[in-house]
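The values are calculated or read from the model by the stated rules, or taken from the named source; none is laboratory data. Since the structure is predicted, the reported quantities are computational estimates derived from the model, not experimental observations. Positions of Cβ are generated from backbone atoms using ideal geometry, with glycine treated the same way; all protein chains shown enter the neighbour counts.
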Amino acid sequence: MSDASPTTLNELFLDAIERFRTHPVVLRRKVDGIWAELSYAELLERVKSLSHALTTLGVRSGDRVAILSENRPEWAITDYATLALGAADVPIYPTLPARQVAYILRDSGASVAFVSSQAQLNKLRETQAECPALRCIVAFDAVTEPGDAHAFDALLAEGRAAPVAAWEAAARRITADDLATLIYTSGTTGDPKGVMLTHGNITRNVVHSLARIQLDGEEECLSFLPLSHIFERMAGHYLMLHCGALINYAGGIDTVSADMLERRPTVMLSVPRLYEKIFARVLESAATGPTLKRRILHWARHTGERWAEAKVAGRVPPGLALSHALADRLVFGKLRERTGGRIRFFVSGGAPLNPEIARFFYAAGLPILEGYGLTETSPVIAVNTFEDFRFGTVGKPIPGAEVQIAPDGEILTRGPHVMRGYYDKPEATREALTPDGWFRTGDIGELSEDGFLTITDRKKDLIVTAGGKNIAPQPIENMVRTSRFIVNAVMLGDRRSFPIMLLVPNVPVLREWATHHGLAVASDEALLAHPDAMEKLEREVKRTLRDLARFEVPKRFVLIPQDFSIESGEMTPTLKVRRRVVEEKYRAQIEAAYAGAMNT
């Protein structure tokens, strides 16, 4: 093994196997209530065997192999086995419906597809006739109706005769410029596009990210964001293997809390939604408790905010340090216990993180290192670190990532992390990349004199009112979601005279408030229609937005009885709201809200 940094994902994999071969466990997943473990030697043997089996299925360099599965060891094995052949894999979110899966299979021209279960196999069966390039399906689990699908374990058994030396030599001949993956964007508007990322794109992003955030072979992570997403793929998969961390696969989003307590990870990656939910649970627990408990939490929050700001600035007065120590004993220490008690830090990406939540977690000894990137940038462009940390920013650019702000405020980036382009879409590629290699991120932001990047909003999401006022909705929505009465919020109002907001209330909390105030309502529908309940929610929103300019505060509210979901098409698989879909779905209520305002 060379002492130099890897330049391809194959080198990264093989060098990690050699460096950490004495470690007993690399991957762990709960199967039938028991955590099943995989060693480095077993991982290598299965990757080699599957790679050989793929050649018998006709997979060659340059082919595409699709993976439609939840996070699990077989996902990782399939990925590394595909890359070793010089083929590119096409990860597909397991939450996508059959039609969207079929679109990705057709567009990518995938010849082989791996599925996790009978449910995922059914999606392929439903539209298989529309995917002429698809020759073969492989199922990870034993399925009840396999048809002509291959069993994953049977393929491994067939491939165990592969010559190790020849296989490794071939894998190492893959270059940094070779295509590694086609990752289809979430598609908040229009059809998803296949982002072409090379071995060099992702590998340099791993190396450059680790230059800013130090990890070692003693780490354990809990993997629960979809491996179909580049954030988890790069940071929770390749990066963790490269630094020798043990990867625990969560059973799913619903088991994350229990898995954290059981596996006690030292590092976790997440989108802001997880931190928002933890924060909301803490507030709700205090609000429903005795008066003394509420007062203690309120005091601890404000003490923690002041301590966090002072700590980051490097100047904590002795009195504030003592107050924080007491707050830690009464409040923050209990929060750390709920995360397993060993978390060194969280990493947040995929959407803006509310600074109030960031300060709360920092004060609790659970710092969240917020970063920024896109699928097209492999993904990391910038990230906060323990050495360079500032609330409300996404940190400084990582080595190799150039960043500049265009005259209209759009963030541009250039470097080895930037994609080759969109698959089979030259016009879209020309729109995204300038002739001299700058990628147009579509995000609006600012770069401070000392190098910290701040994201304001998505360029396409900016609201410009009829009066010419510019409003960035995401930070405002994040503020509203800190209320325990609100589950979700979407702000609208482009080219309108004023903004409005769609609210998803926390119905159990609102019902509890209604009971306490003597409101007699027979159903949830009646509760949400009650004028007093609506007035309460409006007061909550306006309280959280009290420091905004008047034109930024929504003037009308529309209550949505159920939260937005991936299944309904209102959210992407990475939990971003599809603003245009939501606006179209609730157009009648939105128009009624504006009409009502005009008549008052």
Of those in region 366-379 that are of a type outside the set (A, V, I, L, M) and out of contact with any helix residue (DSSP H, G or I) (no Cβ under 6 Å at 6 or more places or on another chain), the residue nearest to Arg306 (Cα to Cα) is Pro367
Cβ-Cβ under 7 Å, sequence separation 6+ or interchain: first residue in region 287-309 and among the aromatic types (Phe, Trp, Tyr), partner part of a loop (DSSP other than H, G, I, E, B). Which pairs? Trp307/Val316
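The rows are residues; the columns are (1) within 25 Å of Glu584 (Cβ to Cβ); (2) in contact with a helix residue (DSSP H, G or I) (Cβ under 6 Å, 6 or more places away or on another chain); (3) without any contact (Cβ under 8 Å) to a residue 12 or more places away in the chain.
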residue: Asp494; (1), (2), (3): yes, no, no
residue: Val504; (1), (2), (3): yes, no, no
residue: Pro508; (1), (2), (3): no, no, yes
residue: Glu512; (1), (2), (3): no, no, no
residue: His530; (1), (2), (3): no, no, no
State yes or no: is Gly400 surrounded by fewer than 17 Cβ atoms within 10 Å (Cβ to Cβ), among the small types (Gly, Ala, Ser) and in contact with a Gly (Cβ under 9 Å, 6 or more places away or on another chain)? yes
If you check Ala245, Ala211, which single one turns out to be touching a residue at least 24 places away in the same chain (Cβ under 8 Å), over 25 Å from Val115 (Cα atoms) and either among the aromatic types (Phe, Trp, Tyr) or crowded, with 23+ Cβ neighbours inside 10 Å (or both)? Ala245
Requiring at least 1 residues that are small (Gly, Ala, Ser) and either modelled with pLDDT of 95 or more or more than 22 Å from Asp424 (Cβ to Cβ) (or both), the strands (runs of 3 or more DSSP E) wholly within region 160-278 are 179-184, 194-198, 220-223, 267-270
If you take the residues in region 476-504 that are surrounded by fewer than 18 Cβ atoms within 10 Å (Cβ to Cβ) and out of contact with any Ser or Thr (no Cβ under 7 Å at 6 or more places or on another chain), which one is nearest to Thr393 (Cα to Cα)? Asp494
Cβ contacts < 6 Å: first residue more than 15 Å from Leu502 (Cα to Cα), restricted to region 535-552; second residue of a type outside the set (A, V, I, L, M), any location; separation 6+ or different chain. Result? Thr544/Ser483; Phe551/Lys469
